[in-house]
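Q: Below are the structure tokens for one structure; questions will follow.
The values are calculated or read from the model by the stated rules, or taken from the named source; none is laboratory data. Predicted, not measured: the structure shown is a model, and the values here were computed from it. So basically every Cβ, Gly included, is an ideal-geometry build from the backbone, and we count neighbours across all protein chains shown. Ligands, DNA and RNA are stripped out before the accessible areas are found, and what is left, the full protein with its side chains, is counted by its heavy atoms. Shrake-Rupley method; radii C 1.70, N 1.55, O 1.52, S 1.80 Å.
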Amino acid sequence: MTLQRVTLYKHGVGFFERKFSMSGEGKITLFFEPEQMNDVLKSVSAVDTSDGYVANISYDTARPQPSKFSLENGAVLQTLILQLIGVTVKAKIGQKTMQGAIVGLENRQTATEQTSVMMPHLVISTDQSVQQVPLQDVEHITIQDKQIAEELQRYLDAFLSKQKEGKKELSIHCKGKGKRDIHVSYLTSAPVWKTSYRVVLDKKPLLQGWGMIDNTTHEDWKEVRVSLIAGQPISFVYGLYAPHYASRPHIGVQTTEAMAPTTLESAEEEYEDMSMAPMASSMGAPAMKKEMARSKVAALSKPQAAPTSVKTTSITQEVGALFEYEIEKPVSVRKNESASLPLFSKNVKGNKALVYNESTRPLHPMNTIDMTNSTGLTLEGGPLFVIDEGTYVGEALLPALQTDEQRFVPYGVELGVDVKKEIRSTTLPIYFVKIVKGIMYQYYISIRETQYKINNKTKRAHTLHVEHPRDRSYTVEQPKTFKETDNFLRFTVDLKAQKPETFTVKEQKTSTSTSYLSDITENDLKFYLEKKYISKALEKQIQEVMNMKRTIAELSRKKQELQKLINELKTDQARIRENMKALGRSSQEEQVRQRYLTKLAEQENDIEDSTEAIKNNEEKVKQLQEDLTKKLEKINFEVRL
């Protein structure tokens, strides 16, 4: 049995390929952790390369049934014999053989040269007698019952499996003739392989990639082919290992009621002429009882249906949507050990550069490698160890890079370069006015200037890349050359040694302010005329609009006054009615009551008149509003200043 290839994946599984050499019929046995069994059963395959075939694959169940045997205590032979009581065996005792059923064990006093001791004796029942044989004289026992012998062997196999640190046994049963090879492969959970990189900065940086693997299996990997695969294939654990049972409905036993016994009676002589007997009597009492008994037979209920159960030392290549690093030389890793494997060592396109990003470091730029992945490989993300001029200068986190993809990889802070950022905003005068359906739009330019004041205090010249925040509402006026990312505009600035530099980014955007002609005042109108936002002809139309608005406002004011008057009259009426309740029946009080009634009538007339006036007022306002809307919709105008 040899482990030939191990393929490790980034999502935490490993694919193992083995080769077994076999002659004739045989069994291949593998052991797995219980939590690995679902993946193994989902993926295991066995191929016989000759004329043989794989008969079946068996494995320890997740919930084994208890065995009738138990040999975990001392005195194994005696314990086993007691569990074989009643089983027919063939026992070899010295030169003779005895066959019979085991009755049990019995301790008997046996004399020795100096004393006597209790010695166990095997009690066995033969065809003719029951005999006792000293157990120490029994050389071996052969179980004659094939079923009992197989059960004992299964127990011993399970006991051996238990001794292997709780692992589960999987057996591949092969049939065939002659010597041949069996290839077995399966998938199990495995530690995620990891990548790390080293780069030596030079005119053409040297990049090395290493892959780290962990052998957490219980066997040594000796001269094994190893492949490391990156990507995101769909993968899941499916519950194949544990037994599942479908629920079924419980139906009670259905019974029928037994027929009651009946007795027959003799006919009376007076009913000898049966044709003249009444209808009810013609059935006879026994017949009536029979029909009643039939009516009591219960029908069986139909049961419900059951519910459904539910040097470059690696070869790289694209594998579908995945990317594979195949280690060129076989690898040896002992169990419970890890290894770092060289993936590649290649020169890449790149150079040192400074990158300033205010959100990352507001005062200083970052030392970076402006690197292009020219290795011809897809690079997985991982830590990057940076060496410059023979010494360690920092670390970086290399993102996943496709072939020929460029990235700035920061590995340190350049404290010898200071950056200060200042922003100035200005607004230019309105340059265009447009009126559409009574709405005035005023267009103007907003300018934003961002100054980056850079002081290079080092004795080296640098190339600085300024990452300027990207505002999509602005367009860049100066400078014209830059690169875009999702969130930044990247500008390049050349810094001279020990010299300050000011770099300015000028942006502008078109802004709009909105106002409604129906809301403008006399002062607004005068201002618009002075600025030539409107013409004289348009001024006249706007004056008409303003007059209509004033009329509507006046009518609204009068409505409020009328409503106020109605409220005051109703309040006074309530007061008068309360006073009238206190008046008696005297002539003087009667005169007061009449005066109150007259005043109530006058107030009621005033309320009706005011209510009618409000109604007329509302109709006028409604009409004016409709006329105003139509007039505003007809006002369209534009002028460029």
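Q: Would you say PRO383 is open to solvent by 20 Å² or more (accessible area, probe 1.4 Å), closer than 19 Å to SER196 by Cα and not aliphatic (A, V, I, L, M)?
A: Working: open to solvent by 20 Å² or more (accessible area, probe 1.4 Å): yes; closer than 19 Å to SER196 by Cα: yes; not aliphatic (A, V, I, L, M): yes.
So PRO383 passes the test.
Q: Which pairs turn up if I take residues in region 531-559 that are more than 29 Å from GLU638 (Cβ to Cβ) and look for partners that are assigned to a helix (DSSP H, G or I) and among the basic types (Lys, Arg) with beta carbon separation below 8 Å, at least 6 apart in sequence or on another chain?
A: Every condition considered, the pairs that remain are LEU555/LYS620.
Q: Here is a follow-up. With the condition kept exactly as written, say whether any residue in region 378-385 is under 24 Å from LYS483 (Cβ atoms) and among the small types (Gly, Ala, Ser). Working first, answer last.
A: Step one: list which residues in region 378-385 are under 24 Å from LYS483 (Cβ atoms), which gives 378-379, 381, 384.
When the remaining residues are screened for being among the small types (Gly, Ala, Ser), the result is 381.
Yes, region 378-385 contains a residue that is under 24 Å from LYS483 (Cβ atoms) and among the small types (Gly, Ala, Ser).
Q: Still on this structure: Return the only residue of ARG575, ARG550 being among the basic types (Lys, Arg), under 22 Å from ILE439 (Cβ atoms), part of a helix (DSSP H, G or I) and more than 60 Å from the chain's Cα centre (by Cα). Lay out the reasoning, then the answer.
A: Numbers: ARG575 fails: under 22 Å from ILE439 (Cβ atoms).
Among ARG575, ARG550, only ARG550 is among the basic types (Lys, Arg), under 22 Å from ILE439 (Cβ atoms), part of a helix (DSSP H, G or I) and more than 60 Å from the chain's Cα centre (by Cα).
Q: Let me ask something additional. Consider SER67 against the criteria (1) of a type in the set (S, T, N, Q); (2) at pLDDT below 80; (3) closer than 21 Å to VAL123 by Cβ: it satisfies all of them except one. Which criterion is unmet?
A: SER67 satisfies all of (1) of a type in the set (S, T, N, Q); (2) at pLDDT below 80; (3) closer than 21 Å to VAL123 by Cβ except (3).
Q: Out of all the residues in region 205-224, is one or more exposed (fewer than 13 other Cβ atoms within 10 Å of the Cβ) and more than 20 Å from GLU33 (Cα to Cα)?
A: Looking through region 205-224, at least one residue is exposed (fewer than 13 other Cβ atoms within 10 Å of the Cβ) and more than 20 Å from GLU33 (Cα to Cα).
Q: Looking at LYS549, LYS540, which one is in contact with a helix residue (DSSP H, G or I) (Cβ under 7 Å, 6 or more places away or on another chain) and under 30 Å from TYR528 (Cβ atoms)?
A: LYS549
Q: Please pick out the residue among TYR443, TYR411, TYR452 that is under 30 Å from LEU517 (Cα atoms) and open to solvent by less than 60 Å² (accessible area, probe 1.4 Å).
A: Details: TYR411 fails: under 30 Å from LEU517 (Cα atoms); TYR452 fails: under 30 Å from LEU517 (Cα atoms).
After ruling out the rest, the residue left standing is TYR443.
Okay, residues lined up against (1) of a type in the set (Phe, Trp, Tyr); (2) at pLDDT 80 or above; (3) out of contact with any helix residue (DSSP H, G or I) (no Cβ under 6 Å at 6 or more places or on another chain):
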site	(1), (2), (3)
SER116	no, no, yes
PRO120	no, yes, no
ASP157	no, no, yes
SER161	no, no, yes
LYS164	no, no, yes
LYS175	no, yes, yes
ARG180	no, yes, yes
HIS183	no, yes, yes
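Q: Please go through region 427-473 and give me each residue that is in a strand (DSSP E or B) and of a type in the set (A, V, I, L, M, F, W, C), ordered by number.
A: Of region 427-473, the ones in a strand (DSSP E or B) are 427, 432-436, 439-456, 462-469.
Those that are in a strand (DSSP E or B) and of a type in the set (A, V, I, L, M, F, W, C): PHE432, VAL433, ILE435, VAL436, ILE439, MET440, ILE445, ILE447, ILE454, LEU464, VAL466.
Q: Let me ask something else about it. Say we look at region 473-486 and pick out the residues that are touching a strand residue (DSSP E or B) at 6+ places or on another chain (Cβ under 7 Å) and not basic (Lys, Arg); which of these is nearest to THR360 (Cα to Cα)? Quick ask: steps written out before the conclusion?
A: Going residue by residue through region 473-486, those that are touching a strand residue (DSSP E or B) at 6+ places or on another chain (Cβ under 7 Å) are 473-479, 482-483.
Of the ones still in play, those that are also not basic (Lys, Arg) are 473-479, 482.
Working: SER473: 23, TYR474: 23, THR475: 24, VAL476: 23, GLU477: 26, GLN478: 24, PRO479: 23, PHE482: 20 Å.
Step by step, filter region 473-486, then rank; the result is PHE482.
Q: Go through region 504-535 and count every residue that is modelled with pLDDT under 85 and part of a strand (DSSP E or B).
A: Here the count works out to 0.
Q: Turning to a different aspect of this structure: Name the residue, out of GLU589, GLU602, GLU638, that is modelled with pLDDT under 90 and open to solvent by 100 Å² or more (accessible area, probe 1.4 Å).
A: On the way: GLU589 fails: open to solvent by 100 Å² or more (accessible area, probe 1.4 Å); GLU602 fails: modelled with pLDDT under 90.
The conditions single out GLU638.
Q: Can you tell me which residue within region 80-125, out of those that are of a type in the set (D, E, K, R) and part of a strand (DSSP E or B), is nearest to VAL138 (Cα to Cα)?
A: Of all residues in region 80-125, those of a type in the set (D, E, K, R) come to 90, 92, 96, 106, 108, 113.
Okay, now just the ones that are also part of a strand (DSSP E or B), so 90, 92, 96, 106, 108.
Working: LYS90: 10, LYS92: 6, LYS96: 10, GLU106: 14, ARG108: 16 Å.
The extreme case among them is LYS92.
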